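Scroll down for the structure; my scribbles are underneath it.
The values are calculated or read from the model by the stated rules, or taken from the named source; none is laboratory data. Computed from a prediction, not measured in an experiment: that's the story for all the values here. Neighbour counts run over all protein chains shown; Cβ positions are idealised from the backbone, glycine included. Only protein heavy atoms, including side chains, enter the accessible area calculation; ligands, DNA and RNA are left aside. Shrake-Rupley method; radii C 1.70, N 1.55, O 1.52, S 1.80 Å.
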Amino acid sequence: MARIAGVNIPTNKRVIIALQYIHGIGSKKAEEIMEKVHLDHARRVSQLSDSEVLQIREIIDRDYMVEGDLRRDVAVNIKRLMDLGCYRGLRHRRGLPVRGQRTHTNARTRKGPAKAIAGKKK
């Protein structure tokens with residue numbers, strides 16, 4: 001099992017899919033990494049040599065912000081919005097949808113499970 005950016009990459013999957021297990025790497029960035037290392041898209045992680053794994057690891061460390069650094073950066077950005085007291089920061093603070101979605105109905109992912117209201121029965 002290859003370990004890249006602190007994440008254990010599954011060995012039986014294709015490299016382009018396995019790279020997406022790293023937080024901060026999606027399909028587009030995985031394709032870019034494959035092109036930089038000059039790997040075939042059909043290659044699997046188990047078929048990679050140690051030098052190819054090392055090349056992938058170096059490219060990710062050098063060119064991309066992934067895993068802990070990315071999570072920390074996002075958390076700092078959200079904290080900055082909350083400290084400013086801007087609208088988006090207030091929405092984060094209250095646990096409500098941030099990007100303009102309706103909250104009269106739905107929004108259960110952000111608001112959590114519905115709370116029963118006493119005396120509401122008709």
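Would you please name the residue that is surrounded by the most Cβ atoms within 10 Å (Cβ to Cβ), looking only at residues in segment 19-72 that are of a type in the set (D, E, K, R), in contact (Cβ under 8 Å) with a residue 40 or more places away in the chain and within 18 Å of A2 (Cα to Cα)? Step by step, filter segment 19-72, then rank; the result is E67.
Figure legend. Inter-residue proximity from segment 89-118: first residues assigned to a helix (DSSP H, G or I), second residues open to solvent by 100 Å² or more (accessible area, probe 1.4 Å) and of a type outside the set (K, R), beta-carbon distance below 8 Å, spacing 6+ or different chains. Indicated pairs: G89/D83. Just wondering, is there one or more residues in segment 50-72 that are basic (K, R) and more than 17 Å from L19 (Cβ to Cβ)? Within segment 50-72, one or more residues are basic (K, R) and more than 17 Å from L19 (Cβ to Cβ). Checking each residue in segment 75-88 for being surrounded by fewer than 13 Cβ atoms within 10 Å (Cβ to Cβ) and part of a helix (DSSP H, G or I) picks out A75, V76, N77, K79, R80, D83, L84, Y87. Does segment 62-81 contain at least one residue that is more than 28 Å from R93 (Cα to Cα) and modelled with pLDDT under 90? The answer is no; no qualifying residue exists. If you go through segment 40-52 one residue at a time, do you hit one that is over 15 Å from V15 (Cβ atoms), of a type outside the set (A, V, I, L, M) and over 18 Å from the mean Cα position of the chain (by Cα)? So far as segment 40-52 goes, no, none of its residues is over 15 Å from V15 (Cβ atoms), of a type outside the set (A, V, I, L, M) and over 18 Å from the mean Cα position of the chain (by Cα).
Only one of the numbered conditions (1) surrounded by fewer than 11 Cβ atoms within 10 Å (Cβ to Cβ); (2) closer than 23 Å to G26 by Cβ; (3) basic (K, R) is not met by R108, and that is (2). Just give me the residues in segment 10-59 being of a type in the set (A, V, I, L, M) and either over 25 Å from R71 (Cα atoms) or modelled with pLDDT under 90 (or both), in sequence order. Correct list: V37, L39, A42, V45, L48. The single condition from (1) at positive phi; (2) in contact with a strand residue (DSSP E or B) (Cβ under 9 Å, 6 or more places away or on another chain) that G100 fails is (2). Across segment 89-105, the number of residues qualifying as over 25 Å from V76 (Cα atoms) and either open to solvent by less than 100 Å² (accessible area, probe 1.4 Å) or of a type in the set (D, E, K, R) (or both) comes to 3.
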